[in-house]
2 protein chains.
Amino acid sequence: MLSGAPSSTKSVNRGPGLTDVGVVGAGPVGLAIAWRCAQRGLRVSVYDDRPGSGASRVAAGMLAPVAEAYFGERELTGLLVESAARWPAFAAELAEASGVDLGHRTEGTLVVGLTADDLAEAGRLWSYQQGLGLPITPLRPSALRDREPALATRVRGGAVAPGDHQVDPRRLVAALRVAAERAGVTFRPTRVGTLSEVDARVTVVAAGCGAAALTGLPVRPVKGQVLRLRAPAGGPPGFRHVIRGYADGEPVYLVPRADGEVVVGATVEERADVEVTVGGVLRLLHAAAELVPELTEYALVEAVAGLRPGTPDNAPVIGALPGRPGMLAATGHHRHGIVLTPVTADLITELIVSGEPDPALAPFSPARFSKERPWN
Amino acid sequence: MLSGAPSSTKSVNRGPGLTDVGVVGAGPVGLAIAWRCAQRGLRVSVYDDRPGSGASRVAAGMLAPVAEAYFGERELTGLLVESAARWPAFAAELAEASGVDLGHRTEGTLVVGLTADDLAEAGRLWSYQQGLGLPITPLRPSALRDREPALATRVRGGAVAPGDHQVDPRRLVAALRVAAERAGVTFRPTRVGTLSEVDARVTVVAAGCGAAALTGLPVRPVKGQVLRLRAPAGGPPGFRHVIRGYADGEPVYLVPRADGEVVVGATVEERADVEVTVGGVLRLLHAAAELVPELTEYALVEAVAGLRPGTPDNAPVIGALPGRPGMLAATGHHRHGIVLTPVTADLITELIVSGEPDPALAPFSPARFSKERPWN
């Protein structure tokens with residue numbers, strides 16, 4: 001199908017007049033793969049008519065391997081922990097390479113419950129996380145409020161996950177574009193309809209929800225509505241930690257940026273439209289204001305919806321497409337695309353350069369869906 | 001001060017080479033005055049660098065002399081009733097003259113209360129309105145729901161004001177611009193800093209909140225936040241009446257348009273900024289969804305804030321500026337600018353043409369503020 005495509009992904013060497021790696025999708029994952037490959041001396045083209053316009057534009061940017069460690073997702077949790085561990089060096093290198101401030105913050109995350117029921121629900125989860133040996137520590141209400149006096153007095157309790165950080169996804173995309181360009185990556189502002197349009201030895205499909213149509217992978221859109229607020233008078237928000245909580249059964253997170261922005265998210269809806277609804281906004285604002293009352297005085301500056309690339313087991317799809325030589329997937333990151341960007345880029349780049357998949361990729365191989373749904 | 005300005009507003013006749021009437025402000029009031037004056041053969045210029053960008057852009061367009069008849073505002077109520085009575089003919093003439101559909105709807109208004117307390121509050125007001133002889137009729141809950149099945153089952157009761165109609169203010173502005181232009185009005189896309197910049201025999205200040213700086217009148221900004229929703233699937237809203245209600249003490253109105261839009265308003269805040277706040281949006285959406293639950297499925301397409309021109313007695317300022325020959329004011333319409341557009345335009349035009357104020361203008365004369373605050 002591909003002219004000049006190798007029959008396996010083994011050890012791509014530079015040939016004359018041909019792109020080594022074609023990346024479909026200029027979100028954080030695709031851009032980071034392109035940057036890393038270019039750093040290894042490969043000739044890379046990135047195909048996207050609207051870079052950074054997918055799930056990352058809506059994402060909050062929590063780097064939360066602990067607070068996002070859910071029951072029944074141990075392999076995913078392992079990958080989240082691994083990628084989060086790579087984030088500080090990745091952020092430093094990228095900021096240096098691009099000159100762009102990523103808004104990377106390391107104050108950590110508070111997980112809180114508004115009512116006794118909310119606290120019980122949060123507590124069940126952090127007990128599980130502690131059982132995995134992950135760093136999360138319950139706090140007395142007084143200690144919670146010492147850390148963040150902006151929390152409502154009604155908040156019954158919570159815990160701190162000091163290693164769950166944050167980054168600004170829009171700044172991340174901007175930085176990756178600069179770094180990739182400086183490393184020699186070519187940008188092709190075109191929408192890829194079929195993979196035969198990509199003229200490269202290896203093609204990496206990092207197209208988020210678009211991967212389904214391109215590859216037949218079982219990636220489905222999961223709608224999320226997200227709000228952006230701004231603190232009054234040009235000041236910073238009145239809290240510094242990421243705050244994740246339950247308010248009368250409604251999960252919500254609040255991500256404060258140094259520039260005054262607060263991201264409030266997110267709905268999780270099995271829908272493919274990107275409409276902002278009254279119900280979504282109402283639930284998010286209500287829960288947010290219950291946890292941090294001063295937010296009622298903040299400006300509401302943006303309400304948007306995006307589509308996360310979800311998979312049947314909530315884990316990403318990273319690796320070679322079975323039966324399709326020279327074709328790799330790096331998609332299905334669902335709610336974890338930002339935190340998983342460094343490890344995905346590193347593992348895909350290693351696979352391209354060495355021709356051998358890292359054992360860490362085994363649980364995330366596209367082949368795991370082959371029995372259910374053959375590639376067409 | 002004005003070159004060629006007459007020493008009174010008496011009977012403006014066309015002179016050579018001079019504009020007869022200069023209108024400052026291209027909102028509905030200013031545009032309607034310009035249109036009416038041009039229809040009388042006067043040469044008219046309208047000054048505004050951003051026509052239709054003031055309070056009217058945010059306004060919902062309720063034509064509600066009855067539901068807006070509040071305690072202690074009998075003279076204002078009289079003017080509202082008079083202007084509302086002129087609306088059907090005004091709308092028909094304007095639609096004909098402009099070819100623009102105004103979105104004028106005559107299904108009437110329901111006034112409802114969610115809780116027993118809300119209903120008691122609404123009931124006190126409509127008893128007062130009935131006492132004035134205004135057309136508002138309490139309905140049994142079953143009759144209320146027969147008229148609008150979309151109302152929440154929790155709604156305790158309400159009344160119907162069949163003569164309280166609506167129009168789309170943005171369409172109104174578009175229509176008035178076309179009609180005024182066709183009638184020969186000249187548009188000057190400039191922002192007037194002082195009235196000496198207006199070269200006309202008579203100057204009409206219809207600049208909304210901007211009138212304060214131009215004239216010294218005690219017109220102050222009263223902030224209002226308003227939301228625009230859209231019914232699902234391109235259909236019309238699931239209700240046809242304007243719904244005004246109280247929901248747990250929160251006043252809110254819902255204005256359904258034939259094109260699928262629903263306007264939800266409005267906060268009333270003594271502030272001069274136009275920031276949309278979390279608290280404002282939350283209160284409006286919460287109250288709206290309590291009264292009409294299906295609204296949670298609607299798209300939230302716009303959240304804006306505007307500044308109404310308020311006055312010390314909540315009534316507009318219409319007439320000659322004392323001590324300033326050739327200067328008229330038509331401002332201070334506060335929450336009533338749309339409904340008061342026809343009567344304001346008619347009375348100001350009559351005053352310009354005849355030189356004599358209609359007795360109906362007496363309570364609204366700018367002179368009523370002279371003792372408190374001399375013109376500077």
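The values are calculated or read from the model by the stated rules, or taken from the named source; none is laboratory data. Quantities reported herein were computed from a predicted structural model and do not represent experimental measurements. Glycine gets a Cβ as well: all are built from the backbone with ideal geometry, and neighbour counts include every protein chain shown. All accessible areas refer to the heavy atoms of the entire protein, side chains included, with ligands and DNA or RNA removed. Shrake-Rupley method; radii C 1.70, N 1.55, O 1.52, S 1.80 Å.
For the condition within 14 Å of chain A (Cβ to nearest Cβ) and open to solvent by less than 10 Å² (accessible area, probe 1.4 Å), residue B:299 qualifies.
The residues of region A:247-262 that are away from every other protein chain (no Cβ under 14 Å) and not in a strand (DSSP E or B), listed by number, are A:249, A:257, A:258, A:259. Exactly one residue out of A:312, A:325 is open to solvent by 10 Å² or more (accessible area, probe 1.4 Å) and more than 27 Å from residue A:246 (Cβ to Cβ): that is A:325. The set of residues from region B:16-69 being closer than 30 Å to residue B:251 by Cβ and among the hydroxyl-bearing types (Ser, Thr, Tyr) comprises B:53, B:56.
Scanning region B:263-273 for residues that are β-branched (Val, Ile, Thr) and at the interface with chain A (Cβ under 10 Å from one of its Cβ atoms) yields one hit, B:264. Of the residues making up region B:70-79, those that are crowded, with 24+ Cβ neighbours inside 10 Å and outside any helix (DSSP H, G or I) number 0. When A:166, A:130 are screened for being polar (S, T, N, Q) and touching a residue at least 40 places away in the same chain (Cβ under 8 Å), only A:166 passes.
Of everything in region A:259-272 that is of a type outside the set (Val, Ile, Thr) and touching a strand residue (DSSP E or B) at 6+ places or on another chain (Cβ under 7 Å), the residue that is surrounded by the fewest Cβ atoms within 10 Å (Cβ to Cβ) is A:270.
On the given criteria, is residue B:177 under 25 Å from residue B:306 (Cα atoms) and out of contact with any Pro (no Cβ under 7 Å at 6 or more places or on another chain)? Explain how you work it out, then say what you get.
Values: under 25 Å from residue B:306 (Cα atoms): yes; out of contact with any Pro (no Cβ under 7 Å at 6 or more places or on another chain): no.
So residue B:177 fails the test.
Mind counting the residues in region B:279-296 that are facing chain A (nearest Cβ under 7 Å) and surrounded by fewer than 22 Cβ atoms within 10 Å (Cβ to Cβ)?
Here the count works out to 5.
For region B:137-154, does any single residue satisfy the condition of being over 26 Å from residue B:74 (Cβ atoms), without any contact (Cβ under 8 Å) to a residue 60 or more places away in the chain and among the small types (Gly, Ala, Ser)? Yes: one or more hits.
Taking the criterion of being β-branched (Val, Ile, Thr) and open to solvent by less than 10 Å² (accessible area, probe 1.4 Å), the residues of region A:328-339 that qualify are A:331, A:339. Contact annotation: no residue pair with Cβ atoms under 8 Å, 6 or more positions apart or on different chains, pairs a residue in region A:85-107 that is free of Cβ contacts under 8 Å to residues at least 12 places away in the same chain with a partner that is open to solvent by less than 60 Å² (accessible area, probe 1.4 Å) and among the aliphatic types (A, V, I, L, M). Residue count for region B:26-69 satisfying the condition of being assigned to a loop (DSSP other than H, G, I, E, B) and either of a type in the set (S, T, N, Q) or over 16 Å from residue B:133 (Cβ atoms) (or both): 17.
Given A:247, A:303, A:288, which one is of a type in the set (A, V, I, L, M, F, W, C) and out of contact with any strand residue (DSSP E or B) (no Cβ under 8 Å at 6 or more places or on another chain)? Step through it out loud before you land on a result.
On the way: A:303 fails: out of contact with any strand residue (DSSP E or B) (no Cβ under 8 Å at 6 or more places or on another chain); A:288 fails: out of contact with any strand residue (DSSP E or B) (no Cβ under 8 Å at 6 or more places or on another chain).
Exactly one of A:247, A:303, A:288 is of a type in the set (A, V, I, L, M, F, W, C) and out of contact with any strand residue (DSSP E or B) (no Cβ under 8 Å at 6 or more places or on another chain), namely A:247.
Scoring residue B:112 on the criteria (1) in contact with a helix residue (DSSP H, G or I) (Cβ under 8 Å, 6 or more places away or on another chain); (2) open to solvent by 60 Å² or more (accessible area, probe 1.4 Å) leaves a single failure, condition (2). A single member of B:119, B:125 is among the hydrophobic types (A, V, I, L, M, F, W, C), outside any strand (DSSP E or B) and touching a Gly at 6+ places or on another chain (Cβ under 7 Å), and it is B:119. Yes or no: region B:81-102 includes at least one residue that is in contact with a Ser or Thr (Cβ under 8 Å, 6 or more places away or on another chain) and open to solvent by less than 10 Å² (accessible area, probe 1.4 Å). Scanning region B:81-102, I find at least one residue that is in contact with a Ser or Thr (Cβ under 8 Å, 6 or more places away or on another chain) and open to solvent by less than 10 Å² (accessible area, probe 1.4 Å), so the answer is yes.
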